[in-house]
Every structure is written in C-alpha cells, then in structure tokens.
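Student: I'd like to ask you about the structure that follows.
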C-alpha cells in the first residue's frame, strides 16, 4: 500500500514539476507574498503528515495510518494543483522525511521517534499533526480572500477533522480516557469531535 502511495506521489510530483516549469512565465498573479508563503507551507505540512503516517504504518501496520497516508497524498495533490495554477515552485522534496522548512523537519523526526515507542504514542502523534493542520488551515483561510484557496483549505480542514476523529477514537479505546487537546483548545477539539 505504501509503495503505491509513493509511486503515485513520484508521478504526480514529476507532473507538477513539469507543469510548474511550463508555467514559470506565469506570475503568481493576484496572490500576496503571504498567500504564496502559506500555500507553500501547507504543501510541505501535508507532506510531513503523509511521511509520518507512512513511517508509522510501516512500524505498526495499523490500517488507519495507511489509509490516512493515502488521504494526505490527495491533500498534497490538491495543493500542488494550486501551486501550478499560480506558478509557484513546489517546495516539497521528492525524498521521504526531507523538508525545506526546518520546523517541519524537526517535527517529522520528533513524531516518528515518538510514534515508534508504542501504538498509543503513534496515535497521539497523529492527533497532534491533525490538530496542528486544522490550526494552520484555519489561519490560511483567514489569510486569503481567494475563493479557490479557501475552498481547498476548507476541504483539507474537513479531512483533518475526520483524521483527528479517527486518531482520538483509537486513543480513547487504548486508554479508556477522554482525549486531551494538544494544540487546539479543548473546546475546539470537542467541537470537532461532536461533543
């Protein structure tokens, strides 16, 4: 399953790179520098999630990590299409676990290490990623008036909510305790969880 994800990722990355090169003469028309930076960050953040989940799937073989890794690849692809549309270079490395943003590089290393210690810690790492994604996507939505960006970010946020619910269900089943928010406020998480 994971090989299939990365094979598709390699092909889509190559296509995206070719399209970016062919669109190099197109300026990031209408996007502010902040919108361009946020779009690039979201692309790498989605890659970080995919790479962590792929590593944890290899460690634990738990289907939700494999399924969510596939979903994160679709998220990456959606953001890549926006990068192409606006003629912005793709910051995502084709190499697993390699990131241009040093914060994401450190987070990847920390969460993979944490997630390999136990299945519970792996699920907590997943929940942390999704909470951070939701926080960052909400900021991205608030930081743009572009309809296409807001639509994609909104779709990604809904996907992250689904992923968070999945990880929380596993955490609560493993601990028998109510999940405690790690990045968002407890009220925000409870709202996402439908509590």
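Nothing in this text is a laboratory measurement; each read-out follows from the coordinates by a stated rule. Quick caveat, the model's predicted, so the values are computed rather than measured. Cβ placement follows ideal geometry from the backbone for every residue including glycine, while neighbour counts extend to all protein chains displayed.
Student: Can you give the extra length, in nm with one decimal, that the chain gains between residue 188 and residue 138 once fully stretched, where that is 0.36 nm per residue apart less the Cα-Cα distance? Working shown, then result.
Tutor: Values: separation 50, 0.36 × 50 = 18.00 nm, distance 1.18 nm.
Here the segment from residue 188 to residue 138 would lengthen by 16.8 nm.
Student: Let me ask you something else. What is the distance, in nm, between label points placed 7 Å from the Cα along the Cα-to-Cβ direction at residue 145 and at residue 162?
Tutor: For residue 145 paired with residue 162, the spin-label model returns 3.2 nm.
Student: Taking neighbour Cβ counts within 10 Å as the exposure measure, how do 45, 34, 131, 188 sort from fewest upward? Write out the running numbers ahead of the final one.
Tutor: Numbers: 45 27, 34 11, 131 23, 188 15.
If I rank by nearby Cβ atoms, fewest first, I get 34, 188, 131, 45.
Student: Can you classify the range 76-195 as rounded, prolate or oblate using the Cα gyration tensor, where a ≥ b ≥ c are the square roots of its eigenvalues, rounded means a/c under 1.5, and otherwise it's prolate if a/b beats b/c and oblate if not?
Tutor: Working: a/c = 2.54, a/b = 1.38, b/c = 1.85.
Oblate.
Student: While we're here: How would 47, 146 line up from fewest to most surrounding beta-carbon atoms within 10 angstrom?
Tutor: On the way: 47 30, 146 17.
With the fewest neighbours first, 47, 146 line up as 146, 47.
Student: Could I ask something else about it? Taking the Cα atoms only, what angle lies between the long axis of helix 2-22 and the longest principal axis of the chain, rounded to 10 degrees?
Tutor: 20 degrees
Student: With an 8 Å Cα cut-off and a minimum separation of 6 or more residues, compute the relative contact order for the chain in percent. Write out the running numbers ahead of the final one.
Tutor: On the way: 211 pairs, mean separation 41.7, N = 195.
Over the chain, the number comes to 21 percent.
Student: At what distance in angstrom do the alpha carbon centres of the range 124-195 and the range 45-120 lie from each other?
Tutor: Their Cα centres are 16 Å away from one another.
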